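The values are calculated or read from the model by the stated rules, or taken from the named source; none is laboratory data. Computed from a predicted structure; not experimentally measured. Backbone-built Cβ (ideal geometry, glycine too); neighbour counts: all protein chains shown. Side chains included, ligands, DNA and RNA excluded: accessible areas come from the protein's heavy atoms. Shrake-Rupley method; radii C 1.70, N 1.55, O 1.52, S 1.80 Å.
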Amino acid sequence: FPDNDLLKMGNVFSRREFDILQLIEKGHSSEEVAEKLFLSTNTVNTHRRNILHKSGKAHMSELIHDLKEQGVL
(Lines give C-alpha, C1' and ligand atoms only; values in the text may rest on other atoms or scores of the structure.)
Protein backbone atom coordinates (compact mmCIF):
# COMPACT_ATOMS: atom_id res chain seq x y z
CA PHE A 1 0.00 0.00 0.00
CA PRO A 2 -0.41 2.46 -1.69
CA ASP A 3 -1.20 0.56 -4.84
CA ASN A 4 -0.59 1.85 -8.35
CA ASP A 5 -4.20 3.02 -8.82
CA LEU A 6 -3.96 5.35 -5.84
CA LEU A 7 -0.61 6.63 -7.00
CA LYS A 8 -2.09 7.37 -10.43
CA MET A 9 -4.85 9.38 -8.74
CA GLY A 10 -2.24 11.66 -7.28
CA ASN A 11 -3.67 11.10 -3.80
CA VAL A 12 -2.15 8.74 -1.33
CA PHE A 13 -4.38 7.84 1.58
CA SER A 14 -3.04 6.30 4.75
CA ARG A 15 -4.06 2.74 5.61
CA ARG A 16 -6.46 4.09 8.25
CA GLU A 17 -7.99 6.57 5.80
CA PHE A 18 -8.50 3.78 3.30
CA ASP A 19 -10.13 1.61 6.01
CA ILE A 20 -12.50 4.48 6.78
CA LEU A 21 -13.27 4.97 3.08
CA GLN A 22 -14.15 1.30 2.72
CA LEU A 23 -16.56 1.44 5.65
CA ILE A 24 -18.17 4.66 4.43
CA GLU A 25 -18.58 3.09 1.00
CA LYS A 26 -20.51 0.26 2.70
CA GLY A 27 -22.90 2.85 4.15
CA HIS A 28 -21.60 3.15 7.70
CA SER A 29 -21.97 6.44 9.57
CA SER A 30 -19.06 8.11 11.35
CA GLU A 31 -20.33 6.71 14.64
CA GLU A 32 -20.45 3.18 13.24
CA VAL A 33 -17.00 3.53 11.69
CA ALA A 34 -15.64 4.77 15.02
CA GLU A 35 -17.13 1.79 16.83
CA LYS A 36 -15.80 -0.75 14.30
CA LEU A 37 -12.28 0.72 14.29
CA PHE A 38 -12.16 1.50 18.03
CA LEU A 39 -11.77 5.24 17.42
CA SER A 40 -13.62 8.28 18.65
CA THR A 41 -16.20 9.82 16.34
CA ASN A 42 -14.14 13.02 16.41
CA THR A 43 -11.11 11.10 15.07
CA VAL A 44 -13.18 9.58 12.27
CA ASN A 45 -14.54 13.00 11.32
CA THR A 46 -10.99 14.39 11.27
CA HIS A 47 -9.94 11.57 8.96
CA ARG A 48 -12.94 12.31 6.73
CA ARG A 49 -11.92 15.99 6.46
CA ASN A 50 -8.33 14.99 5.68
CA ILE A 51 -9.48 12.52 3.03
CA LEU A 52 -11.59 15.16 1.31
CA HIS A 53 -8.76 17.67 1.51
CA LYS A 54 -6.27 15.21 -0.01
CA SER A 55 -8.69 14.27 -2.79
CA GLY A 56 -9.79 17.81 -3.59
CA LYS A 57 -13.43 16.69 -3.52
CA ALA A 58 -16.25 18.52 -1.80
CA HIS A 59 -18.31 15.44 -0.88
CA MET A 60 -17.43 11.94 0.21
CA SER A 61 -19.98 10.46 -2.20
CA GLU A 62 -18.19 12.09 -5.13
CA LEU A 63 -14.85 10.66 -4.00
CA ILE A 64 -16.27 7.18 -3.45
CA HIS A 65 -17.88 7.25 -6.90
CA ASP A 66 -14.54 8.18 -8.49
CA LEU A 67 -12.65 5.52 -6.55
CA LYS A 68 -15.21 2.88 -7.55
CA GLU A 69 -14.94 3.89 -11.21
CA GLN A 70 -11.18 3.51 -11.00
CA GLY A 71 -11.52 0.10 -9.36
CA VAL A 72 -9.82 1.21 -6.16
CA LEU A 73 -12.88 0.48 -3.99
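Listed values, structure above:
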{"quantity": "Tally of residues being closer than 16 Å to Arg15 by Cα and either of a type in the set (Gly, Ala, Ser) or in contact with a Cys (Cβ under 8 Å, 6 or more places away or on another chain) (or both) across segment 40-73", "calculated": "1"}
{"quantity": "Qualifying residues in segment 14-40 (those that are in contact (Cβ under 8 Å) with a residue 12 or more places away in the chain and among the aliphatic types (A, V, I, L, M)) - the one farthest from Lys68 (Cα to Cα)", "calculated": "Leu37"}
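The rows are residues; the columns are (1) modelled with pLDDT of 95 or more; (2) open to solvent by 50 Å² or more (accessible area, probe 1.4 Å); (3) basic (Lys, Arg).
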{"site": "Leu7", "(1), (2), (3)": "no, yes, no"}
{"site": "Gly10", "(1), (2), (3)": "no, yes, no"}
{"site": "Phe18", "(1), (2), (3)": "no, no, no"}
{"site": "Glu25", "(1), (2), (3)": "yes, yes, no"}
{"site": "Lys36", "(1), (2), (3)": "yes, yes, yes"}
{"site": "Ser40", "(1), (2), (3)": "yes, yes, no"}
{"site": "Gly56", "(1), (2), (3)": "no, yes, no"}
{"site": "Leu63", "(1), (2), (3)": "no, no, no"}
{"site": "Asp66", "(1), (2), (3)": "no, no, no"}
